[in-house]
1. Quick check, is V508 modelled with pLDDT of 95 or more, in a strand (DSSP E or B) and not aromatic (F, W, Y)?
2. Pairs please, first residue from the range 509-525 and over 14 Å from I476 (Cβ atoms), second anywhere and outside any strand (DSSP E or B) and of a type in the set (D, E), Cβ atoms under 8 Å, 6+ apart in sequence or on different chains.
3. With the structure loaded, tell me whether I147 is modelled with pLDDT of 95 or more, at negative phi, in a loop (DSSP other than H, G, I, E, B) and not acidic (D, E) or whether it fails that test.
4. Output the number of residues of the range 54-94 satisfying the condition of being free of Cβ contacts under 8 Å to residues at least 24 places away in the same chain, under 17 Å from P479 (Cβ atoms) and not in a loop (DSSP other than H, G, I, E, B).
5. Give the residue that is least open to solvent (accessible area, probe 1.4 Å), with candidates limited to residues of the range 494-550 that are touching a Leu at 6+ places or on another chain (Cβ under 9 Å), within 9 Å of the ligand (Cβ to nearest atom) and charged (D, E, K, R).
6. So which of T427, T439, T421 ends up being closer than 26 Å to V301 by Cα, within 12 Å of the ligand (Cβ to nearest atom) and assigned to a loop (DSSP other than H, G, I, E, B)?
7. I need the helices (runs of 4 or more DSSP H) fully contained in the range 348-417, keeping only those with at least 2 residues that are at pLDDT below 95 and of a type in the set (K, R).
8. Please tell me if H247 is closer than 20 Å to W480 by Cβ and in contact with a Leu (Cβ under 9 Å, 6 or more places away or on another chain).
Amino acid sequence: MIFTMNTPVVESVLDEQRRFAPSAEFAAAARVRAADLEALRTQAAADPEAFWAGLARAELGWRKLFTRTLDATEAPNFRWFVDGELNVSWNCLDVHLAERGHKTAILFEGEPGDRRCLTYRELHGEVCRFANAMKARGIGRGDRVVIYMPMVPEAVVAMQACARIGAIHSVVFGGFSAISLKERIEDAGARCLITADGGHRGGNVVELKAAADKALADGCDTIDTVFVLRRTGAPIQMRVDRDVWWHDAIALQADDCAPDWVDAEHPLFLLYTSGSTGRPKGIQHASAGYLLGAKLTSRWVFDLRDDDVFWCTADVGWVTGHSYVAYGPLAAGATIVMYEGAPTFPDGGRFWSICERLGVTIFYTAPTAIRALMKLGDDLPAQYDLSKLRLLGSVGEPINPEAWMWYHRVIGRERCPIVDTWWQTETGAIMIAPLPGVTSTKPGSCTQPLPGVFADIVDEDGHSVTTPEAGGYLVIRKPWPSMLRTIWGDNARYLATYWEKFQQRFYVAGDSAHRDRDGFFWIMGRIDDVLNVAGHRLGTMEIESALVAHPRIAEAAVVGRPHEIKGESVFAYVVCRGARPVGDEAASLTRELRAWVTEQLGAIAKPDDIRYTDNLPKTRSGKIMRRLLRAVARGEAITQDISTLENPAIIDQLRG
Ligand code: WTA
């Protein structure tokens, strides 16, 4: 691992001095006020288990109440609320029917402009019908179901229906390629795939069924049913023994389906994410603990009230779309917005026009979107009535102070608190974030851990870093209910990735961070071989494996390079078989390799830069000098010792 512990963050000291306190009006009406926060923190510190047990009893509906809170017998494979029984879908839908049955659950807008609105009762009916349709095909508790869909209400219906019958869903982002889809289906051993003919994105049609057909053409033998939603109406192939139209499957199904009451620890879903090896890992979450985290943080951090219209722009293919679209806000009885398409279609005002039209009050998005929209200027948002907005959120990567200030000034009109929320696929729910009615925010800092979250920063020896501004490893000292339980089918990798570094004493997030004098956390970035491109996690090794799978490529090394909008971009150094290509040949191979990676992994992993070299810089022991490659990609001076370099002459080639 190449990582300097004292790497200064980009923010200057001056920026850190800027503070934004919530208005007196916001603070007075907030769900969590200063005294509440104090009380929560005190309880959590005094007895964390009792703290979580109390919340789990108060917030979740149990079929059978648990008697044991935390089971640490197989630590660090922690288990929570072990002998309790519940159903996640029941907790998101049925609980609201009596009092909020007619309240809007989902306000949907498709990219072409079509709109739909589903009340809690209607959503419940749709979920039950689809759950019954799955049951009719023999799908039930413990079966893995892969969901590969556009951002339409049926994506949430499919997830909730799985939860209802105890099936374990694994959502694969619609932007991933057929090959990535196949890998995930095979790793999960899924028997059912739920997809659509396609989806609308940026004025184009994303052909999901065609990609699914390709994935299933060779391998994926465990799949016996494919449900296909008609979305775009484009012609597709249906295989009669395997493929069923969604509308046919639900046509005769009842709109009620008894929930399957499962153990608290029953797996709710798998979600594949990139790590530091070539293979993505299936992060496994459990039912009760996950739901508790998603629901509580929806209310605490987003201050959800009955009349709010909450829009988290994340796709359900990412964890943010799980916790803050499909589960948390529904468990909290909120009205959510779902939008199918690109933020810039038909123009860069789309997000703001949706906010105006649907009366969005809480808006949660990623820094990469904020930066892209900021670049388009202040005029676009100025054309829309954003006066209903009262709270803004950011997630997925560090937000630079400039983007933060623009968000605050131009979108929030200097009136809305901004919650910068740090968390991960693995943590299940927000871990470090402001409480909007209490915490004074600083642009670029995710501020302080939520009650019950024992986050710390430690040095190489595992000692707490107490010097302000000194960097270290971000760790979590105590287990929390919404934590991942394991990596699907590979517990050894779970132990090695998150726990080995400090002899299982705490969870290692894989990020570096530092704390300022006020104890505020500032995330500095990943410390492993993971890139964060436009808020999406990409493993450098995954991209390297994809590149070397190309017949012309002998070796590849991928690093990140800072990018104005995407945060980081993919920079690949490539060694070819045969002569190093130059000129036109190099340009044409570059086009070919970019298309190749798109096909192997998906467009998000496509390298922005490809540089050809005769060899990669390696130490005498054969390790690729990634830090050197990063410095060259950034156009920085090389400061490290290159005397151990096998072939020092290579530096000029790397510089291009
Ligand atoms: C990064 C997304 C800075 C971090 C929810 C983390 C952030 C990774 C923030 C997880 C934030 C997420 N500030 N960095 N507010 N939020 N990250 O699993 O590096 O897709 O480890 O989960 O994103 O990405 P993931």
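1. Answer is yes for this residue.
2. H514/E469; R515/E469; D516/E16; D516/E469; W522/E11; W522/D516
3. no
4. 2
5. Here the answer is D511.
6. Answer to the selection: T427.
7. Fully inside the range 348-417 and qualifying: 367-375.
8. Considered against the rule, which asks whether it is closer than 20 Å to W480 by Cβ and in contact with a Leu (Cβ under 9 Å, 6 or more places away or on another chain), H247 comes out as no.
The values are calculated or read from the model by the stated rules, or taken from the named source; none is laboratory data. Please read these numbers as outputs of a predicted model, since none were measured by experiment. When we count neighbours, we look across all protein chains shown, and the Cβ atoms used for this are built from the backbone with ideal geometry, even at glycine. Quick note on the areas: whole protein, heavy atoms, side chains included, nothing else; ligands and nucleic acids left out. Shrake-Rupley method; radii C 1.70, N 1.55, O 1.52, S 1.80 Å.
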